[in-house]
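Bear in mind these aren't lab numbers, they're just calculated from the coordinates by the rules spelled out. It should be emphasised that the depicted structure is a prediction, and the values quoted were computed from it without experimental measurement. Every residue, glycine as well, gets a Cβ built from its backbone with ideal geometry; the counts of neighbours run over all protein chains shown.
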Amino acid sequence: MIARRLGVSTGFYCVYKRATKLRDSSVDGLTKIPLIMGTDWNDPSVLATEYSILIKMQYTLCGLYIWELLLGLRFDWLLLKRQDQRPWSTLAKWLYLACRYAPMMTLTTIFVGFQAPAGTNCKVWVICLYIIGSLAIECSSALIAIRVFALWNRSSFTMALSAIALAVQASSWIYQLIKADAIYQASTSGCAPTETRTNRVYITVTFLIDLGLLCAMFVGLARRRNAHASGSNMWRILWHQGLIWLTLATLAEVPTVTFLWLNLNQIMNLMFFSPEWMILAIAAARMYRVLMSHFATSAYGPRRAYDTPPYRDAYEASQNIPLRPLHTQVRGLKS
């Protein structure tokens, strides 16, 4: 009996020592999840594999986005030549163009940093990367806010709430820039971001704000049920786009938020950042395109994102109704 008790006590003591060891090896007060999962995420071989995957992912995304840009060049050119008379239309146009071209600039910045020569100021590089990379996310959130503002009949209260939400997002963006840092690594012959876990504040705030804006958009659409009952195509398009946008925002942002809070290592913290802003940018740009193209024809389908109506000349295209701003069309949805 005494031996059995001693055995049990010894077992509990071993468990206690193991728990103490895990607690002492924790990061930021959290138990180090990699050891529990049976993988040391800071092992040099694991980091080398992850780095290789990260680089290949950037090249793949670059190729896909070049194709995406080529598909919409004609629409972008016509939109750029148009002379806007309304400030909200001008704002939406430039937000759309920023969503379109910021990702390509971000990928270029990534490649420059990953192949930087020795002596490069890597902190300046990572700050530029975060500024340009987050620009697409900020612009996509602003495009949602413009839709919310339009659907709520340009309500001052809605405008104030949207402005506060975007200001909070911008503040977390500034916090990200203040904390940003990077070092030069001779083993990879390029810059490597550090302190990447601080990005979780900005990404989490962005996720919550996007969800809040999309919910406000759905409430605004629900207030216009009469337009839906009357068979309004506009209501149907906005509703479907809202559902798609909500799904894509969740799929794009949840992995980044999750891995940032797990904080496995510096590379995994950045692994899903590029897919996130690329998905959000493509979604925002394509939905803007679909909505503007809708007014040229009653046809509506997936290919509407890059269909261009048969204009007789460029001037006619720049003045035609497909490029009219969203808020001038939403008025027709009033019940």
If each part is reduced to its alpha-carbon centroid, the stretch 100-161 and the stretch 228-294 end up apart, in Å, by 14
Note: the stretch 105-153, point scatterers on Cα, Debye, no solvent; log10 I/I(0) at q = 0.24, 0.25, 0.26 Å⁻¹ equals -0.83, -0.86, -0.90
Pseudo-spin-label distance TRP261 to ALA222, built 7 Å along Cα→Cβ, given in nm, is 2.5
Taking THR90, THR158 and counting other beta carbon atoms within 10 angstrom, the fewest-first order is THR90, THR158
